[in-house]
Structures are given as C-alpha cells and as structure tokens.
Amino acid sequence: MNDTPATAAALPAPSPGPAPASAVVAAAVNGSGEERRDYRPGYEIVAERILEYIAEARLVAGDRMPTEHDLAATLNTSRAVVREAVKILSALGRVRAHKGRGLFVADDEGMLITSRWGGFFRPVDLDHVLMLFEFRKVQETAASSLAATRATPAELRSIEVAMQQCRHGVAHAQVDVFNQADDDFHTAVATAAHNTFLLSAVRDARRLQRQSSAIGIHDMLGEGATAAVEEHEAIYRAIRDGRPEEAAAATVVHLERTLEDYRREIQRRLFG
C-alpha cells in the first residue's frame, strides 16, 4: 500500500458514550441511522471490529476465534459480510481460516511483527498511526542518511528504478504500480543503509502501515501521490550525491507530509 492515503468514507460519528460494536456495524451494514454523504463497505467496518475484538479479548497468535456464524451474531451482520472481512484480515496476516478447524489469530510473520511492538496495532486508531509514523521517522531518516554514504551503484539504481516506477504509476493512474514501487523505494533505501536491523524495522513498520491503507483508506492516486513522487526524487538525489544530512531532511519532509494525509483521512472517517 502506498504511503499516501486516499479518500475514504467516514465511520458513524461517535456518541457521548461508546456505542456497542454490533450497533455501529449494523448501522453501517444495514443502512440504518443518520445518512452519510460517503459510503464504506460493511466488510471493511466489520474487519475493524474483528481486530478490536482480538485486542479486547487479549487473544494471541494461535488462539481460536469465534466462528463466522458467532461473529456475525455478535456484530449483528451477515455471515457473508464476516466472510469478506476475514478475507481482508487473512491477506493482512492477522487471521487464518483453517478448513474444518475454524478461525485463528494468525501466527505468521504479520502477526508476530505486531506482537513484537508490544500489542495489537489498530489500523484506524489515530494515536497508533501517529506513533507508527514517529517510529518510521526515526528509522527512515537514519536509513537514508546511511544510504548516502554506503549505497553501491547497483543499490542506487534500484532506488532510481523504484522512483521512476512511482512516477509512471501516477502518470498512468496505475494504483497497483505506484503502491508496489512505493514499497520498493523505501525498502531499497533501507537496503542501501547496509544495516540488517534497520532494514527489518523499516519492513515491519511498513507492514503495519499497510494495514491502515488496506482497511478503510481506499487506494486512489491523488495530490498526495504526486507529492510523494517529487519527495522520493529529492531523497534519491541526496543519496546519489552523497549528502546524508539532505537525505535525512528530505525523508522528514516526505514522512511529515504523508502523516498529515493520514491524519486528515482518519479524522474524516471518524468524525465525518
């Protein structure tokens, strides 16, 4: 998923007290309650509620979850909607469906990464997203600075190709091309830092951020993507020219602008 979130529809506005998850999901899925100008598929909202259930029930990797039927009853929605939500969470590495055995909290790399950072990351929790970007800023400014002094010609070429692919994706409105190239760019910069721990941390943080993009923040190429292309080029040029301080500064500009995009979209989803 790309660094730059696109337009996403708003969740139902919060009430003075927290509404039960089932009521919120029912309103969104069944169309009851106050009419909203934007629309979010019910399975996205249900995916969020399943993550909340996992966190609140303190389930850990390998734990059995309720069946699709039980989740549908708890969340006051249909099994078909729950099934689609489970598909999203399976793709993110948060849930695993074993035929004949049921649903389990995933024990693959995606789930282990979340546990490594001390809890379950909530993709639509603004505080979690803010902390994640703060973490990314520490990692990626260090990575770009080191890359400016350590990158090999082959690694510089990898960064440049990813940058050019991002530009191609925006120019031709190819979301998947941009998303993949964006991920390749940040990974290539971290690789060029020649620090295994930094590379692992960058990959892990981006996997978590991908979850924010996959649930509720729909993929579209807007002004943020265009800005990201120019920001990537500034980072690349500083690394290519061996200017570590400029590379770090360009990375800060990129991540802070991206964070503002996420902040606006999540607040719009939560508060309309």
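The values are calculated or read from the model by the stated rules, or taken from the named source; none is laboratory data. These numbers come from a predicted model, not from an experiment. Neighbour counts are summed over all protein chains in view; Cβ atoms, including those assigned to glycine, are modelled from backbone coordinates with ideal geometry. The area values use the complete protein model at the heavy-atom level, side chains included, leaving out ligands, DNA and RNA. Shrake-Rupley method; radii C 1.70, N 1.55, O 1.52, S 1.80 Å.
Before moving on, here are some points about what is shown:
- Pairs where the first residue, in the stretch 234-262, is on the phi > 0 side of the Ramachandran plot and the second is open to solvent by 70 Å² or more (accessible area, probe 1.4 Å) and of a type in the set (S, T, N, Q), C-beta under 8 Å, 6+ apart: GLY242/THR149
- Residue match in the stretch 172-184 (condition: open to solvent by 20 Å² or more (accessible area, probe 1.4 Å), in a helix (DSSP H, G or I) and farther than 22 Å from ARG210 by Cβ): no
- Single residue of the stretch 64-78 satisfying the filter (touching a Ser or Thr at 6+ places or on another chain (Cβ under 8 Å) and assigned to a helix (DSSP H, G or I)) that is surrounded by the most Cβ atoms within 10 Å (Cβ to Cβ): ALA72
- When the residues of the stretch 89-101 are filtered to those that are surrounded by fewer than 17 Cβ atoms within 10 Å (Cβ to Cβ) and outside any loop (DSSP other than H, G, I, E, B), the one that is modelled with the lowest pLDDT is ALA91.
- Just one residue in the set VAL86, VAL24, VAL81, VAL105 is surrounded by 15 or more Cβ atoms within 10 Å (Cβ to Cβ), at pLDDT 70 or above, farther than 25 Å from ARG207 by Cβ and under 23 Å from the mean Cα position of the chain (by Cα); that residue is VAL81.
- Selection count where residues are part of a helix (DSSP H, G or I), open to solvent by 40 Å² or more (accessible area, probe 1.4 Å) and in contact with a helix residue (DSSP H, G or I) (Cβ under 9 Å, 6 or more places away or on another chain), scope the stretch 120-137: 5
Residues checked against (1) modelled with pLDDT under 95; (2) of a type outside the set (D, E, K, R):
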| site | (1), (2) |
| --- | --- |
| HIS172 | yes, yes |
| PHE197 | yes, yes |
| ALA201 | yes, yes |
| ARG206 | yes, no |
| ALA214 | yes, yes |
| ALA225 | yes, yes |
| ALA249 | no, yes |
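- In the stretch 191-205, of all residues being closer than 23 Å to GLY93 by Cα and in contact (Cβ under 8 Å) with a residue 24 or more places away in the chain, the one that is nearest to the chain's Cα centre (by Cα) corresponds to ALA205.
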